[in-house]
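Chemist: The structure under discussion is supplied below as structure tokens; questions concerning it will follow.
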Amino acid sequence: MYEFTTLGALIGLALAIVLIILKVHPAYSLILGALVGGLIGGGGLVTTVNTMVSGASSMMSSVLRIMTSGVLAGALIKTGSAQKIAKTIVDKMGQRLALAAIALATMIICAVGVFVDISVITVAPIALAIGRKAGLSKQSLLLAMIGGGKAGNIISPNPNTIASQTFAETLIASGVPALSAGAMIHAGATVVDSLPHGSFFHATGGSVNLSIRDRMKLIPFEACVGLTATLGSVLTFLLFH
């Protein structure tokens, strides 16, 4: 039974990814992938549907927190504050430190409450303009923004609250303080969303007009960024606990 359950989960995930790549709406793709995966895994139609409904219900509190945080993000973007922050940082640091400036701008915007993909989209036009002047590739610009965004993600008040429902209880039960547990989770969670089934993958790739093939080339480097952040978070906890 365990083998069937694992097989069902893998097939369901693969189906969702394929459908999203084929431009099917992500929500419908994920629902269909979950349904097919549950049926192949031996859950039966009634059990699978009930599990999907209960799973969606359990996420509502996190979704509401995300929506509330989205109000802050919208205010920063609509008023031009986010772009002003990015432009000021880049102007002060200059072209010589272009990539560092781009990463720092994305980090700060994400750290004050804007979601990481929105942070990248906000900084992207400025990054592209600087990249043309400095002769930097779109991939290097996007990787700098992603790295900065993930750094800001660790201290941001809003990210990955749905990821934390899965792991937070286990970490806290193991004696890890809540703040340290949150840092560990947030450091690595965005790596999963960087895969082709996640909105982060498509939103960030589109922000600099990368094809899916070119966007996928960054995944190993993004994994290194997430792994470094996660290890740094864990080691910091071990050293100062």
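Chemist: Right, S211: assigned by TED's automatic domain parsing to the domain that holds A101, within 25 Å of H25 (Cα to Cα) and either at pLDDT 75 or above or in contact with a Lys or Arg (Cβ under 7 Å, 6 or more places away or on another chain) (or both) or not?
Modeler: Considered against the rule, which asks whether it is assigned by TED's automatic domain parsing to the domain that holds A101, within 25 Å of H25 (Cα to Cα) and either at pLDDT 75 or above or in contact with a Lys or Arg (Cβ under 7 Å, 6 or more places away or on another chain) (or both), S211 comes out as yes.
Chemist: Across region 133-143, which residue is modelled with the lowest pLDDT among those that are assigned to a helix (DSSP H, G or I), of a type in the set (A, V, I, L, M, F, W, C) and surrounded by fewer than 24 Cβ atoms within 10 Å (Cβ to Cβ)?
Modeler: A134
The values are calculated or read from the model by the stated rules, or taken from the named source; none is laboratory data. What you see is a predicted model, and the numbers here were worked out from it, not measured in a lab. Glycine gets a Cβ as well: all are built from the backbone with ideal geometry, and neighbour counts include every protein chain shown.
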